[in-house]
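Notes follow the structure.
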Amino acid sequence: MLKIRLSMGGAKKRPVYKIVIADSRFPRDGRFIEKVGFFNPLLPKTKKERISLEVERIKHWISKGAKPTLRVSRILGEAEIYPMPLKGNNPLKAIPKKDRKKDKTEGEKPKADGVKAEPNKEELKKEAPKAVAPKVEPKKEEPKKEDPKAVAPKVEPKKEEPKKK
């Protein structure tokens, strides 16, 4: 399967990418069929030299069945050659903790008016330790009872085995 993807080059901590047409089985920085552009992420987005594309060749390879990767499809989408991909899931981990708490309190107030929302993570955390704590205590008691029983049967089979032989 043909892919339009980025092939990495440049020095340490200074990446420069070639936009290439390659078979999906070839290594990332290895063999490719044709170079159709380059991408320099270190330059500001406003500079013209940041991205260079051979539009005619890219359209030709797309018509032949080449599929761009997610990053390349974004680059092509910005250049209006290929439709822009849908935005992915952006988890709350990307937001600083201080802002997350503010967003939760603001987000919960409107939900209370409408359909009942799922319980907060904080509430689940409070309930979970209560359920876990009683379970831990019986587990500690059971191994104490089993230890003497487990030791006795282990000793007896060892004595029986030499007698059988």
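Tabulated data
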{"item": "Ranked by how many other beta carbons lie within 10 Å on average, peptides 58-69, 83-94, 8-19 from highest", "result": "58-69, 8-19, 83-94"}
{"item": "Percentage of interatomic Cα-Cα distances in the stretch 1-79 larger than 16 Å", "result": "47"}
{"item": "Value of relative contact order over the stretch 2-78, rounded to a whole percent, pairs C-alpha under 8 Å and six or more apart", "result": "30"}
{"item": "Filter on Lys47/Lys67; Lys47/Lys98; Lys3/Lys98 - keep pairs with C-alpha separation over 30 Å", "result": "Lys47/Lys98; Lys3/Lys98"}
{"item": "Student exercise, the stretch 2-78 dipole from Lys, Arg, Asp, Glu Cβ charges, in Debye to nearest 20", "result": "300"}
{"item": "Efficiency of FRET from Cβ geometry, Asp23 and Ile81, R₀ 22 Å, rounded to 0.05", "result": "0.55"}
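No value in this document is a laboratory result; all are computed from the given coordinates. Keep in mind the model is a prediction, meaning the values are calculated, not measured. Cβ sites come from the backbone with ideal geometry, for glycine too, and all protein chains shown count toward neighbours.
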